[in-house]
Amino acid sequence: MTEDGERSRITVDGEEFEVVQPYDSLGTYHLSWVTGPDPQYGFGFRIHPPAPVGRAELEEAVRDFLSQVDPTTGYIE
């Protein structure tokens, strides 16, 4: 854990993401694509009403993100 929130890692379809859930924003998640072209690149999402999400929901969010990524550039175009 860090001062800015709880950190964990998740691997989906061979791609690794660091997941941060900020302490001050329940239901908010920031995912950095560790194995992507830029380790700072990723996405975030928020659940309303605020609630924790499980592994299945995180995997679905990652797959949705990856489906938008251009395989040539490694970024969403």
Does Asp64 qualify as being part of a helix (DSSP H, G or I), among the acidic types (Asp, Glu) and exposed (fewer than 15 other Cβ atoms within 10 Å of the Cβ)? yes
Only unsatisfied item for Gly5, checking (1) of a type outside the set (A, V, I, L, M, F, W, C); (2) modelled with pLDDT under 90; (3) surrounded by fewer than 12 Cβ atoms within 10 Å (Cβ to Cβ), is (3)
Every residue from the stretch 8-58 that is aromatic (Phe, Trp, Tyr) and either modelled with pLDDT of 90 or more or under 17 Å from Val69 (Cα atoms) (or both): Phe17, Tyr29, Trp33, Tyr41, Phe43, Phe45
Tally time: how many residues in the stretch 48-61 are in a loop (DSSP other than H, G, I, E, B) and hydrophobic (A, V, I, L, M, F, W, C)? 2
Considering (1) crowded, with 17+ Cβ neighbours inside 10 Å; (2) touching a residue at least 24 places away in the same chain (Cβ under 8 Å); (3) among the β-branched types (Val, Ile, Thr), say which one Val34 fails and leave the rest. (1)
Does Ala51 count as of a type in the set (Gly, Ala, Ser) and exposed (fewer than 11 other Cβ atoms within 10 Å of the Cβ)? yes
Matching residues, the stretch 9-26, being surrounded by 13 or more Cβ atoms within 10 Å (Cβ to Cβ) and either part of a strand (DSSP E or B) or of a type in the set (D, E, K, R) (or both): Ile10, Val12, Glu15, Glu16, Phe17, Glu18, Val19, Val20, Gln21, Pro22
Among the residues of the stretch 27-47, which ones are hydrophobic (A, V, I, L, M, F, W, C) and either more than 11 Å from the chain's Cα centre (by Cα) or assigned to a strand (DSSP E or B) (or both)? Leu31, Trp33, Phe43, Phe45, Ile47
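The values are calculated or read from the model by the stated rules, or taken from the named source; none is laboratory data. Just so you know, these numbers come straight off a predicted model, no measurement behind them. Quick reminder, even Gly has a Cβ in these numbers, built from the backbone with ideal geometry, and neighbours come from all protein chains shown.
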